[in-house]
Structure formats: structure tokens, C-alpha cells
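What follows is calculated from the coordinates using simple rules that are stated; it is not laboratory data. None of these values were measured; they are calculated from a predicted model. Note that each Cβ is placed from the backbone with ideal geometry, even for glycine, and that neighbours are counted across all protein chains shown.
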Amino acid sequence: MRDPRRIRATYLIEATDVARAAALLAGEQSSGTFVRIAGETDALRQRHGAEVVSLEELGRTAPSLPSRTSPEHVTAARIVVEFPMETVGTDLATIQTTVAGNLFELGELFACRLEALELPDELVAAHAGPAFGVAGTRALLGGATGAMVGTIVKPNVGLDADGFRTVVRALVGAGIDLVKDDELMTDPGYLPLATRVAIAGEEIDRAAQVTGRRALYAANITGDLANLERRHDLAVEAGTGCVMLAIPVMGVPSLELLRTFASVPIHGHRAGLAASMRHPGLGVSYRAWQVLARLAGADHLHASGLGSKFSERDDEVVDSIRALQAPLGATIAPVPTLSSAQTVRSPHPTFAAIGNDDVLMLAGGGIIGHPDGPAAGVRSLRAAWEAAVSGEPLEAAGARLAGAGDATLARALGTFGAAA
């Protein structure tokens with residue numbers, strides 16, 4: 001009997017014969033090989049083989065990818081393939097290998113991209129998902145409301161201990177919600193993780209005595225797997241309140257391992273993801289990838305930002321945010337983390353697109369680059385978000401606040417360009 005519980009994967013492919021290529025993909029990723037063999041009985045294929053359940057041709061095109069042959073034109077198609085859960089199980093590494101493994105190497109495919117991933121309820125329920133998510137992160141910030149505001153330590157590498165302390169003191173003293181390490185900053189000899197988290201914890205304590213609330217410091221604990229728990233413990237014991245992992249670098253199973261002992265939110269960075277996401281004819285879409293990262297336990301997940309310096313169009317960023325906020329079984333939603341050239345100009349289009357402020361906006365230059373310093377940068381970004389949520393035009397909000405004696409938003413608007 002065939003298992004009714006199905007893992008459902010949607011792919012964009014290109015081939016000279018898309019029906020044959022789709023069947024080859026399904027066979028390669030389940031019970032088949034390039035020829036029919038004696039052990040591959042009809043009963044085995046029925047029970048364990050993947051099945052192409054939908055094929056929609058999208059027209060003729062030039063090949064997106066190189067292969068052993070060089071046809072002038074191929075046919076593009078969107079296919080849906082279902083994999084029996086009995087065959088795959090609930091292990092995330094096995095799921096990823098099944099839906100996004102050797103299929104990218106098949107010579108008959110001139111495009112192959114995993115666009116969407118739907119999992120059976122039983123499979124989703126086998127994973128813990130985020131421990132903190134939006135509500136838990138807000139609670140750690142003393143019940144923070146509105147969009148959460150964060151930034152990054154700059155310069156991202158090269159600071160000595162004194163320089164690092166100066167930057168962190170200014171940032172956490174500015175009333176910010178979260179400060180994070182750069183993805184390049186792990187455990188260098190000139191500023192080891194142990195030194196960094198000790199300083200960050202001390203400065204968070206110092207600022208809390210003044211502001212009455214504790215900022216979070218997302219300490220980058222990316223590194224060798226054997227010492228992952230030790231690095232986590234260093235950060236937690238120092239009082240950083242948060243740890244960061246570069247998920248594509250470490251792998252989804254490493255994230256799930258961290259989730260088993262993490263006692264603070266896991267800030268999920270996506271460094272390296274574009275290598276498998278950027279080309280429209282190859283790899284894995286963000287919408288599909290985020291399913292695995294959420295199940296593995298990321299509390300915050302980077303999703304780029306509107307008007308960013310990165311390659312994604314704004315509509316693609318919006319789709320990523322919506323994917324993160326969509327229900328996934330009984331798991332709680334992670335915090336969509338927006339970054340890359342975010343300024344006071346960013347909240348209005350972001351809120352207009354997604355309709356809520358359950359996000360963490362990381363603004364590096366947008367905060368640190370404020371002409372009156374980082375505290376003014378934080379205050380101006382919060383004011384921009386308040387204006388966006390209330391529907392007040394940005395320039396009008398800046399003028400109103402300046403008239404009331406707070407020129408931080410107006411000054412930021414003058415610094416960060418014309419209205420979009």
C-alpha cells in the first residue's frame with residue numbers, strides 16, 4: 001500500500017523532453033536509476049517511488065544551464081513531484097537530500113529549481129521549530145512593541161577590544177533592540193569570541209541600568225561543530241541574550257542540533273544562500289529553504305530588505321517575508337529580519353507591502369550614519385515605523401516631530417535621500 005503522507009515538491013525545469021526528464025528526476029530521487037534493474041519491482045516502485053503528479057509546460061526557451069549537450073532550444077515546465085514519507089522519514093538532512101540533492105546534476109535538465117516545498121503535518125510535528133519567535137523575542141526585550149530595531153557592529157572586522165567596546169557601548173546605550181556580529185566575525189585571535197561576548201554582556205548590563213531594558217547581542221557562534229555548544233554557553237553565560245548561526249554555511253542539521261540546547265533566541269543568518277538561490281534556473285528558492293530553517297529552530301531569519309543593495313527585487317523580498325509569516329503546522333513563526341541598506345525610507349514601503357510590524361529591521365549606516373549619532377538613528381527609525389503604521393506621510397511626520405522639538409527624523413530624511 002502506498003503511503004498517503006506525501007512530501008510535495010514543486011520544480012521549475014527545462015529539458016528537450018520535459019515528461020521524460022520529470023520521470024527521470026522522480027526516479028533518480030527515489031527508487032530508480034538510469035536503467036530498470038531486477039530489484040526494482042512494480043510493487044517497490046509503487047510503494048517507494050516518487051511520482052510526478054503535475055506537469056505544466058511553460059514554453060520554449062534557450063537553455064538556462066550548460067550540460068553535456070547544447071540544444072538551441074528546450075521546453076520549460078513546472079512540475080510537482082510527491083515523495084512517500086515512509087521512504088524519506090522525518091530527518092531534515094534526508095529530506096533536503098531527497099528534494100534538493102543529485103537532481104541538480106542530471107544532464108537532461110537545462111534548468112532545475114526547487115520552488116516550493118509542502119510537508120505532511122506529521123513530518124512538521126516531528127520538529128520543534130523556533131523556541132522564541134516574535135513573541136518570545138519581544139518578551140526578552142521587556143515587552144517591546146512595534147517593529148524591532150537592530151544594527152551591526154561596524155567596522156565588521158578588525159576592531160580590537162577597546163574599539164569593540166566603544167562601538168557596542170554606543171549602540172546598546174542608544175536604546176536599540178539588537179546588535180549583531182557580522183557573519184565574518186567568528187573567533188579571530190585579535191578579538192576572540194570569549195572576549196567579545198564578555199564585553200558585550202558588560203555593556204548590556206551598563207546600558208540596562210540607565211534605560212531599564214536589556215538589548216540583545218547576537219554573538220556569531222558559527223564555527224567547528226565540535227565546539228558549537230561551548231561557544232553557545234560562552235555567549236549565554238556572558239549575558240548576550242542571543243546567538244547567531246550562518247545556516248547555509250553550517251547546514252540545517254547543525255541548526256537543529258543548536259536548537260536542542262540553545263537557551264536564547266537563534267538569529268539565523270543566510271550567508272552563502274544566494275549561491276543556491278540567485279539564479280532563477282538553478283537551486284532552491286527562499287520560500288522552499290525557509291521551511292527547513294524554520295523546522296530546524298531559527299528564531300530570526302534574514303530575508304534581505306526592500307530597496308536593498310542585494311540582487312532580489314522588492315516583490316521577491318516581500319514574498320520571502322510572507323513565507324516566514326505564514327503558518328507552518330503548530331510551530332511559531334520566526335522574526336523576519338530585514339537588512340541591507342535599510343534607512344528611515346524603508347518602513348513605509350515595507351509596511352505597505354506586508355501590513356504588519358512583526359519584523360526586525362537591521363540598519364547599519366541607517367542608524368550609525370545618522371548625523372547626530374546612533375541614539376538619534378534609533379529614535380528616527382522608530383519614528384519612521386510609527387508613521388508608517390499610523391499612515392502618516394514620512395515627510396509630514398518629520399516636520400511634525402521637528403516642530404515639537406525632536407528633529408531626529410527630519411535630520412535622517414535629509415541624510416538618506418529623497419522620498420521613494
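Helix 161-172 and the longest principal axis of the C-alpha atoms of the chain enclose an angle of approximately 90°.
If you run the Gaussian network model on the chain, springs between alpha carbon atoms under 10 Å, then out of Ser311, Ser64, Ser340 the most flexible one is Ser311. Between Asp314 and Ala19, the simple label model (points 7 Å from Cα in the Cβ direction) yields a spacing of 4.4 nm. Compute the label zone of Ala399 within the range 332-373: residues whose backbone N is under 20 Å from the point 7 Å along Cα-to-Cβ. Output list for this probe position: 344-346, 348-349.
What is the calculated FRET efficiency for Ala144 to Glu392, with r their C-beta to C-beta distance and R₀ = 25 Å, to the nearest 0.05?
Working: r = 21 Å, r/R0 = 0.84.
Here the calculated transfer efficiency is 0.75.
The C-alpha atoms of the chain occupy a region whose extents along the principal axes are 78, 46, 38 Å, arranged from largest to smallest.
What net charge do the residues around Pro349 carry, taking every other residue with its C-beta under 12 Å from that of Pro349, with Lys and Arg at +1 and Asp and Glu at -1? Taking every other residue near Pro349 into account, the sum is -1.
Note on the chain: GNM, Cα springs under 10 Å; of Thr87, Thr350, Thr222, the largest mean-square fluctuation is that of Thr87. For the chain, a Gaussian network of Cα nodes joined below 10 Å ranks Pro188, Pro63, Pro130 by mean-square fluctuation, and the top entry is Pro188. Computed from backbone phi with θ = phi - 60° and the Karplus coefficients 6.51, -1.76 and 1.60, the 3J(HN,Hα) list for the range 382-394 is 5, 5, 5, 5, 4, 5, 4, 5, 7, x, 7, x, 4 Hz; x is used for glycine and proline.
Backbone amide hydrogens, once placed in the peptide plane, bring Leu282 within less than 5 Å of Cys112, excluding anything fewer than 5 places away on its chain. The calculated 222 nm mean residue ellipticity attributable to helices in the chain amounts to -11500 deg cm²/dmol, summing -39500 (n - 2.57) over DSSP H runs of n ≥ 4 and dividing by all residues. Taking 7 Å steps out from each Cα toward its Cβ at Ala161 and Asp205 produces label points 1.5 nm apart. In order along the range 297-309, the phi-based Karplus estimate (6.51 cos²θ - 1.76 cosθ + 1.60, θ = phi - 60°) of 3J(HN,Hα) comes to x, 5, 8, 10, 9, 5, 9, 6, x, 5, x, 7, 8 Hz; Gly and Pro are listed as x. Simple point charges give the picture: +1 on the Cβ of Lys and Arg, -1 on the Cβ of Asp and Glu, and for the range 309-386 a dipole about the Cα centre of about 200 debye. Hey, for a label at Glu115 modelled as a point 7 Å past Cα toward Cβ, could you say which residues of the range 278-311 have their backbone N under 18 Å away? Answer for the range 278-311: 278-291.
Separation of the range 176-247 and the range 84-112, taken as the distance between their Cα centroids, equals 36 angstrom. Each label was represented as a point 7 Å from its Cα along the Cα-to-Cβ direction; for Arg5 and Ala226 these points are 3.6 nm apart.
For Leu58, the residues whose amide H sits under 5 Å from its own are Ala76, Ala77, Arg78, ignoring neighbours fewer than 5 places away on the same chain, with H placed 1.01 Å from N. Among Val317, Val335, Val167, the order by Cβ neighbours within 10 angstrom, fewest to most, reads Val167, Val317, Val335.
Hydrodynamic estimate: the Kirkwood radius of the range 6-125 over Cα pairs, inserted into Stokes-Einstein at 37 °C and 0.692 mPa s, corresponds to D of 223 µm²/s. Both numbers refer to the Cα atoms of the range 147-266; Rg and Dmax are 13.5, 40 Å. In order along the range 237-244, the Karplus-derived 3J(HN,Hα) couplings, from 6.51 cos²θ - 1.76 cosθ + 1.60 at θ = phi - 60°, round to 5, 7, x, 6, x, 6, 10, 10 Hz, and Gly and Pro are given as x.
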